[in-house]
Amino acid sequence: MLQKPKGTYDIYGDNALKIIYLRKLINALMDKYNYKYFKTPTFEKSEVFHRGVGVTTDIVSKETYDFVDRGNRNMTLRPEGTAGIVRSFIENKLYADTMPFKAWYFGSMFRYERPQSGRYREFLQFGAEAFGSYDPMMDAEIISIIVNFFELLGLKGIKVNINTLGDNESRLNYRKALMDYFKPHIDSLCDDCKNRYEKNPLRILDCKVDADKDIMKNAPKMVDYLNDDSLNHYSKVKEYLKAMGIEYVENPRLVRGLDYYTHTVFEVEADIEGFGSQNVLGAGGRYDDLVETMEGPKTPGVGFAIGIDRLLLALESLKIDITEEDYLDIYAFCFDEEQRPYMMSLVNNLRLNGFNIDMDLIGRNIKNNFKHADKLKAKFVIIIGEDEVKTNIITLKNNETKEEYKIELENLIEFLDLKISEE
């Protein structure tokens with residue numbers, strides 16, 4: 001029997017309804033913030049992600065799905081959303097539009113990592129990117145989207161962990177301090193951190209293997225190496241979060257796993273029973289150099305991403321049901337083959353007038369058609385027989401009260417509008 005690849009899953013039934021609900025909620029929320037939907041290709045030239053995400057990241061060095069296509073081109077399945085949007089922002093000269101340029105996305109990402117609860121090799125991600133503003137208000141707005149989204153879903157104990165990586169000058173000063181600090185301890189670090197020491201020592205602070213060692217806990221803090229501009233930016237972000245009533249905790253060890261971040265980095269968590277320390281559901285930060293790194297004009301940016309699969313697990317753990325009631329307005333069936341064209345015409349017209357309607361497509365008998373209408377949670381049932389076709393008087397049955405109506409065809413839409421609005 002053919003089976004799905006390891007680390008992937010099928011979406012159907014209640015899970016499909018939950019994702020549809022989340023998409024609706026996200027659509028409505030992002031409209032409030034004036035962010036526009038954006039879609040990039042599922043695969044791109046490998047350079048987009050290798051350059052954009054950073055070759056020293058675990059994503060690029062260990063997890064990307066890279067392949068050579070039939071044109072002998074190096075391609076990569078999209079591991080995250082930002083780099084592709086930056087590529088499109090540059091290619092389509094969107095920087096010539098009125099700034100800031102604000103976009104959101106929702107789609108599949110791909111990373112080759114060990115599958116576990118809430119972590120898949122193909123996974124859904126919702127995120128947003130904003131280009132063109134250096135103002136710390138932009139950082140605070142991006143963070144507020146995640147917080148408000150989680151609050152709308154009913155999550156409790158929402159908290160923002162925040163840190164700053166400063167500007168390039170501050171980062172260079174901090175990089176040197178870290179290298180000087182870790183040099184005598186290099187042999188006690190894991191193999192990944194030994195590689196990170198030369199390439200990107202800030203990533204050592206993101207290590208999960210050595211996290212509890214004293215050398216990590218006593219490492220220099222970024223805040224001690226920030227210049228005045230970086231300190232002011234960070235201070236303003238915190239001020240704006242306070243103004244919105246958003247709770248935050250400063251975490252000097254927070255660096256995030258991507259090379260492109262500057263200034264603000266953050267993770268947003270919630271109180272989720274059974275999730276322990278792995279209760280971070282959304283994260284992001286500022287990346288003022290990424291557009292220029294990918295050969296675009298110098299343009300500041302800031303964004304976030306939320307893993308939808310992990311979010312659904314959190315909602316399930318908290319017993320928060322976001323499944324919308326799945327029902328039909330109308331189910332239709334006819335008695336004989338001769339009435340099928342009439343039923344098809346009627347059903348098509350009702351669909352065009354905004355009704356959710358299905359019909360018998362396999363020739364059930366009357367008893368099984370009513371059972372099927374119950375299963376589909378149909379509010380009304382339309383029954384088409386020889387008399388209905390001759391007289392254009394439609395037999396309509398309320399599937400809950402079992403009350404039956406005879407409605408002239410020309411009055412059917414108005415009658416249904418009235419009755420369904422009463423339900």
Counting every C-alpha pair in the range 190-248, the percent lying more than 18 Å apart is 54 percent
Sorted by chain and then number, the residues having a modelled amide H within less than 5 Å of the amide H of D288, at least 5 places away or on another chain, are T262, G301
Taking the reciprocal of mean 1/r across every pair of different Cα atoms in the range 98-143, the Kirkwood radius in Å is 12.8 Å
Diffing the range 118-133: the Karplus 3J(HN,Hα) column from phi (6.51, -1.76, 1.60, θ = phi - 60°), in whole Hz with x for Gly and Pro, holds x, 10, 10, 7, 10, 9, 8, 9, 10, x, 9, 9, 10, 10, x, 10
The ratio Rg/Rh over the Cα atoms of the range 30-130, Rh being the Kirkwood inverse mean 1/r radius, stands at 1.00
Length gained, S235-Y112, 0.36 nm per residue minus C-alpha separation, equals 40.5 nm
Stretched fully, the stretch from K32 through R73 gains (0.36 nm per residue minus C-alpha distance, one decimal, in nm) 10.7 nm
dims of the range 222-376, Cα set, principal axes, largest to smallest, nearest Å -> 82, 43, 29
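Using only Cα atoms, what is the ratio of the radius of gyration of the range 281-362 to 2.2 N^0.38 Å?
In units of the globular-protein estimate, the range 281-362 measures up at 2.14.
Taking R0 as 25 Å, what's the FRET efficiency between N348 and Y21 from their Cβ-Cβ distance, rounded to 0.05?
0.35
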Residue span T391 to Y405: 0.36 nm per residue of separation minus Cα-Cα distance leaves a gain in nm of 3.6 nm
Reported to the nearest 10 Å², I158 has, with a 1.4 Å probe, an accessible area equal to 30 Å²
Computed over the Cα atoms of the chain, the Rg and Dmax in Å are 27.6, 94
Heavy-atom accessible area of the chain with neighbours in place, 1.4 angstrom probe: carbon+sulfur share in percent works out to 48 percent
For the range 98-248, the convex hull over Cα atoms projects on average to an area in nm² of 11.8 nm²
Phi-derived 3J(HN,Hα) across the range 180-196 with the Karplus relation (6.51, -1.76, 1.60, θ = phi - 60°), rounded Hz, x for Gly and Pro, is 5, 5, 7, 3, x, 10, 4, 5, 8, 8, 5, 4, 4, 5, 4, 5, 5
Amide H proximity to I394 below 5 Å, modelled H, separation 5+ or other chain, gives I407, E408, L409
For the chain, dividing by residue count, accessible area per residue (probe 1.4 Å) in Å² works out to 51 Å²
Over its alpha-carbon atoms, the range 163-215 yields an Rg and a Dmax in Å of 10.9, 30
Most fluctuating of V381, V291, V268 in the GNM of the chain (C-alpha, under 10 Å) is V381
In whole Hz, the Karplus estimates of ³J(HN,Hα) for the range 14-24 (6.51, -1.76, 1.60; θ = phi - 60°; x where Gly or Pro) are 4, 4, 5, 5, 5, 5, 4, 4, 4, 4, 4
Using a 1.4 Å probe on heavy atoms of the protein chains only, the accessible area for V249 in Å², nearest 10, reads 60 Å²
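The values are calculated or read from the model by the stated rules, or taken from the named source; none is laboratory data. Since we're looking at a predicted model, the values are computed, not measured. No Cβ is skipped: glycine too gets one built from the backbone with ideal geometry, and neighbour counts run over all protein chains shown. Keep in mind that these areas ignore ligands, DNA and RNA; they rest on the heavy atoms of the full protein, side chains included. Shrake-Rupley method; radii C 1.70, N 1.55, O 1.52, S 1.80 Å.
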